[in-house]
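Below is one structure, written out as structure tokens; comments come after it.
Here, each number is a calculation from the coordinates, and none is a lab measurement. Not measured: the values here are computed from a predicted model. Heads up, the Cβs are rebuilt from the backbone with ideal geometry, glycines too, and the neighbour counts pull from every protein chain shown.
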Amino acid sequence: MSKTNLKIEYILKASNNIEFDNIDTYISRKIFEHYNKIPTYTLENILTILNISKLKFKTYLNQLGYKNYTAFKDEVIFERIVRLKQIRDRYESFEKNKIIQIMSQLRYHLINMDEIDKICKQINEHERFIAYGSPTLLNLLFDFQVDMKIFDKTVLLSSVNNEKILVPKNNDLIGLFTATGRLLGCCDAKFQEVVLDTKNTKILFSKSQINSEYIDFSFSMDTDNDYYEMHYVFLFLFDLIKTRYYELYIKE
């Protein structure tokens, strides 16, 4: 593991290692979920949450560059203060209308801000937002995950492969990310049972409009078959969502 300046970014990179089962991925995912509460946790608290030995946790912290949990906790406290200020400063000057204009040039139709507000409302009302789907699309959510965590909202990525599927809790919002809709039509029995058949609210993000009995809301990238064009719209979309989320639920 390599050391980075922002520990939340390192921790998130490790927790997003969704196709592999290892102790670093497990610890990182748990720490990421509890990141904003780390300042209030004792060493005993975090060991209970992680359900690992003190030695294993010490090894993990050493790889991050810390001698002990206190040093790690102190930096988390400092980093969160700095990051939140950066986010506030950036979003205060964020030109939302410019993003909407750019997206409109790449889409067939104008962005409906009511749809963006509806997505924000669902994210706010649910405990976590779990994204299932194509790794190519999910990997574009990194900055969105970091900023939403600072807003005290956990966004997790999940593999769609059998034993590596994250099982959603009752109050989790499910995001289904698929360009063509194949995730809905060609999924295996495990994904069907664990994700699609649940009563959780589900939002579908796809290249074009797709109707399905499994979803409650859908958002189309509304582009043609151009691979990169769809990805640009996707990136702009989640910049727009987190900016609008900030305006609605975070801004004082």
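Based on Cβ point charges of +1 for Lys and Arg and -1 for Asp and Glu, what charge dipole magnitude is obtained for the chain about its Cα centre, in debye rounded to the nearest 20?
Details: 34 positive and 34 negative charges, 193 e Å.
Rounded to the nearest 20 debye, it is 920 debye.
Along the charge dipole of region 27-94, which of N68, L43, F57 sits closest to the positive end, that is, farthest toward it, with unit charges on the beta carbon of Lys, Arg, Asp and Glu (+1, +1, -1, -1)? Of the options given, the answer is F57. Taking Cα atoms only, the orientation of helix 227-245 departs from the longest principal axis of the chain by about 70 degrees. Give the angle, between 0 and 90 degrees and rounded to the nearest 10, that separates the Cα long axis of helix 113-125 from the longest principal axis of the Cα atoms of the chain. Approximately 30 degrees, to the nearest ten.
Nearest 10 degrees, 0 to 90: what angle lies between the long axis of helix 69-92 and the longest principal axis of the chain (Cα atoms)? That works out to roughly 30 degrees. Of S53, S159, S220, which has the largest mean-square fluctuation in a 10 Å C-alpha GNM of the chain? In the Gaussian network model the winner is S53. Here's the picture: a label point sits 7 Å out from the Cα of N51 along the beta-carbon direction, and within region 138-158 the residues with their amide nitrogen under 20 Å of it are 156-158. By the Kirkwood approach, averaging reciprocal distances over each pair of separate Cα atoms, the chain gets a hydrodynamic radius of 19.3 Å.
Rounded, prolate or oblate for region 1-110? Axes are the square roots of the Cα gyration tensor eigenvalues, ordered a ≥ b ≥ c, and the cut-off for rounded is a/c under 1.5. Prolate, since a/c reaches 1.5 and a/b exceeds b/c.
Building the convex hull from the alpha-carbon atoms of region 106-250 and averaging its projection over directions returns 8.0 nm². Calculated mean residue ellipticity at 222 nm for the chain: -15000 deg cm²/dmol, from DSSP H runs with n ≥ 4 weighted as -39500 (n - 2.57), summed, divided by the residue count and rounded to 500.
How about region 200-252: which trypsin sites (Lys or Arg not before Pro) there are in a DSSP loop, with at most 13 other Cβ atoms within 10 Å of their Cβ? Don't skip to the end; give the middle numbers.
Working: sites: K202, K207, K242, R244, K251; in loops: K207, K251.
Passing sites in region 200-252 are K251.
Which of the lysines could a cross-linker bridge to K190, judged by Cα under 20 Å and excluding same-chain residues fewer than eight apart? Filter leaves K164, K169, K199, K202. Lys/Arg Cβ at +1, Asp/Glu Cβ at -1, dipole of the chain taken about the Cα centre: which of H34, M113, F144 is farthest positive-ward? Ranked along the dipole, the leading option is H34.
Projected label points at T42 and E95, each 7 Å from Cα along the beta carbon direction, are separated by 5.3 nanometres.
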